[in-house]
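Colleague: There's a structure below that I have some questions on.
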Amino acid sequence: MTYDTIILGAGAAGMMCAAHCGGRVLVIDHAKAPGEKIRISGGGRCNFTNMYAGPGNFLSRNPHFCKSALARYTQWDFVDLVNRHGIAWHEKTLGQLFCDGSSKQIVALLLDEMERAGADLWVQSSVRDLRKTENGFGLQVEREGQRLSLSCTNLVLATGGKSIPKMGATGLAYDIAGQFDLRVTDTRAALVPFTFSDGKFNDLSGVALSARLSNDRTSFDEALLFTHRGLSGPSVLQLSSYWREGEAIRVNLIPDLPVFDLLREQRQNGGRKALKTELARHLPARLVDYLSQHISMSGNLADQSDAKLSELTAALSDWQLLPSGTEGYRTAEVTLGGIDTDELSSKTMEAKEIPGLYAIGEAVDVTGWLGGYNFQWAWSSGHAAGTAI
Ligand code: FDA
């Protein structure tokens, strides 16, 4: 069987690419159904893009690489597509756009667009052998107990990264890149919770608050969640993409709360309340209890000097913690790193040295922040390759 284009991976990027390629197109996936990560994304409502998406929201060894594709297929182009399919959506927070109904609507949209473009889809199919031929690529695919020989002019790697192997994530794109001598940067789990080895936060599990998480390079103001194993929540996931083993992180528990002024004001109004009780009006009570084991909070407000209150405020705004690690690929939303962007054209996603070979989506060393950015990269890079083919 001969195709113009074979796309490996029926995820966000692969399906978007298939919707834009001309000619005879086949999309191959080993999972039972296409777009499984889309289906589970955004708590079942798919945070499909971000109103503020721009190159600054992506990590890559070459931060300029993503610019061209993002500019040529923007978040508003995808919103337009969503509108044309009559899918209702809303902004949840920070420009994050979600379906009102279900993420399955986005999968249906992509399947619809693929059908319109005349692309074929094979699920539960595995690539067994792949090689370069004179005019393109030859591959063996196992499907419904049969081994089939296929050939194509263009081959698109869209099998994503390694996060959540239980959902079928594999390193196939990196292996194929290696086979063709394309460099792959170091890969690691990103957008992932931090773990602490000593059961440090057992008593705080379930406590959530707004916080600022930072390291020496960046900081994020979003929700923080304590778990049995460590720290999670958007601010933690965001920082994890910038974190390296052995590095301490800083937690500001009161980024927008003028605690010093509030406590001093209360002290002036009599100050008969216990400091802990007053603090628990502004921070979760369980957190105050926990912190009081480490920071002195004894006595009533009236007993606290300005110096004491200022010391307390400083401790609350700069809590240094040393994660022992992360939850890894088991729960990571994305994989940081991937096929080195130096190997690809930023306009078409085609490998510079291997004509006809393309790489798109998470398989490439372009990783978005939390908040719809990773899907936007899948749409933009899929569109770039699809329209170039
Ligand atoms: P994607 O992973 O979508 O697709 C790859 C496809 O290749 C899969 O269908 C897989 O089965 C197939 N495949 C893999 N190995 C194969 C092999 N060996 N043979 C054949 N097929 C193979 N992002 C965002 O912007 N907003 C959000 O709300 C979320 N939410 C979210 C929740 C959770 C729980 C996760 C894990 C991730 C997110 N993300 C997200 C990230 C987002 O899902 C991710 O970045 C994109 O799906 C990447 O799209 P790709 O098409 O590159 O890979």
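The values are calculated or read from the model by the stated rules, or taken from the named source; none is laboratory data. Bear in mind that the values here come from a model prediction, so they are computed numbers and not experimental data. Cβ sites come from the backbone with ideal geometry, for glycine too, and all protein chains shown count toward neighbours. Keep in mind that these areas ignore ligands, DNA and RNA; they rest on the heavy atoms of the full protein, side chains included. Shrake-Rupley method; radii C 1.70, N 1.55, O 1.52, S 1.80 Å.
Colleague: Subtracting the Cα-Cα distance from 0.36 nm times the residue separation, let me have the gained length for Asp303 to Asn62 in nm, one decimal.
Modeller: Values: separation 241, 0.36 × 241 = 86.76 nm, distance 5.52 nm.
Taking 0.36 nm per residue and subtracting the Cα distance, the gain is 81.2 nm.
Colleague: Take the alpha-carbon centre of the stretch 191-239, take the same for the stretch 333-389, and report the distance between them in whole Å.
Modeller: A separation of 29 Å, based on Cα centres.
Colleague: Using just the C-alpha positions of the chain as equal point scatterers, what log10 of I(q)/I(0) does the Debye formula give at each q in 0.07 1/Å?
Modeller: Each listed q maps to, in turn, -0.38.
Colleague: How far apart, in nm, are the 7 Å Cα→Cβ label points at Arg286 and Arg72?
Modeller: 5.0 nm
Colleague: Then there is this: Within the accessible area of the stretch 48-145, what % is carbon and sulfur when the probe is 1.4 Å and the other protein chains stay in place?
Modeller: Values: 2330 of 5000 Å².
Carbon plus sulfur share of accessible area: 47 percent.
Colleague: By what distance, in whole Å, do the Cα atoms of the stretch 1-79 stretch along each of the three principal axes, largest value first?
Modeller: Sorted from largest, the Cα extents of the stretch 1-79 read 43, 30, 26 Å.
Colleague: Where only protein heavy atoms count, and the probe is 1.4 Å, what is the accessible area per residue for the stretch 211-327 in Å²? Write down the numbers at each step before the final one.
Modeller: On the way: 5590 Å² over 117 residues.
On a per-residue basis, the stretch 211-327 sits at 48 Å².
Colleague: Give the separation of the Cα centroids, the stretch 1-80 to the stretch 115-152, in Å.
Modeller: Using only Cα atoms to place each centre, the spacing works out to 20 Å.
Colleague: Okay, moving on. Taking every alpha carbon pair in the stretch 273-389, what does the distance histogram look like in 10 angstrom bins from 0, in percent?
Modeller: Reading upward from the zero bin: 11, 27, 14, 14, 15, 13, 6, 1.
Colleague: For the stretch 55-157, report the accessible area per residue in Å² (1.4 Å probe, heavy atoms, rounded to an integer). Intermediate results must be reported in sequence, preceding the final value.
Modeller: On the way: 5270 Å² over 103 residues.
On a per-residue basis, the stretch 55-157 sits at 51 Å².
Colleague: Separate question: Per the helix-only calculation at 222 nm, which mean residue ellipticity applies to the chain, given -39500 (n - 2.57) for every DSSP H run of n ≥ 4 and division by its residues, nearest 500 deg cm²/dmol? Can you show the working numbers first?
Modeller: On the way: 12 runs with 110 residues, N = 389.
Calculated at 222 nm, the ellipticity per residue is -8000 deg cm²/dmol.
Colleague: Pairwise over distinct Cα atoms, reciprocal of the mean inverse distance: report the Kirkwood radius of the stretch 175-333 in Å, one decimal place. Can you show the working numbers first?
Modeller: Working: mean 1/r = 0.0579 Å⁻¹.
Every distinct Cα pair counted, the radius reaches 17.3 Å.
Colleague: Multiplying the sequence separation of Glu144 and Glu115 by 0.36 nm and subtracting their Cα-Cα distance, what value in nm do you get? Walk me through the numbers before you get to the answer.
Modeller: Working: separation 29, 0.36 × 29 = 10.44 nm, distance 2.20 nm.
Residue separation times 0.36 nm, minus the Cα-Cα distance, leaves 8.2 nm.
Colleague: Let me ask you something else. Could you give the semi-axes, largest first, of the ellipsoid that matches the stretch 103-218, computed as the square roots of 5 times the alpha carbon gyration tensor eigenvalues and rounded to whole Å? Mind dumping the intermediate values first?
Modeller: Numbers: eigenvalues 309, 85, 47 Å².
Equivalent ellipsoid of the stretch 103-218: 39, 21, 15 Å, largest first.
Colleague: Starting from the Cα of Asn135, step 7 Å toward the Cβ, then list every residue of the stretch 351-370 with an amide N under 17 Å from that point.
Modeller: 355-357
Colleague: Related question: What's the longest bit of the chain with no exposed GluC sites (Glu not before Pro), using DSSP loop states and at most 16 other Cβ atoms within 10 Å as the test?
Modeller: On the way: sites that count: Glu134, Glu144, Glu245, Glu247, Glu353.
Within the chain, the longest run free of exposed GluC sites (Glu not before Pro) spans 1-133.
Colleague: Less than 18 Å apart at the alpha-carbon level, and either on another chain or at least 8 residues along: which aspartates and glutamates does that give for Lys347?
Modeller: Excluding near neighbours in sequence, the set is Asp77, Glu362, Asp365.
Colleague: If you roll a 1.4 Å probe over the stretch 210-365 with all protein chains in place, what percent of the accessible area is carbon or sulfur?
Modeller: On the way: 3230 of 6920 Å².
That fraction is 47 percent.
Colleague: If the cut-off is a Cα-Cα distance under 26 Å, which lysines reach Lys352, setting aside same-chain residues fewer than 8 apart in sequence?
Modeller: Counting by Cα, and skipping residues close in sequence, Lys352 has these lysines nearby: Lys67, Lys132, Lys162.
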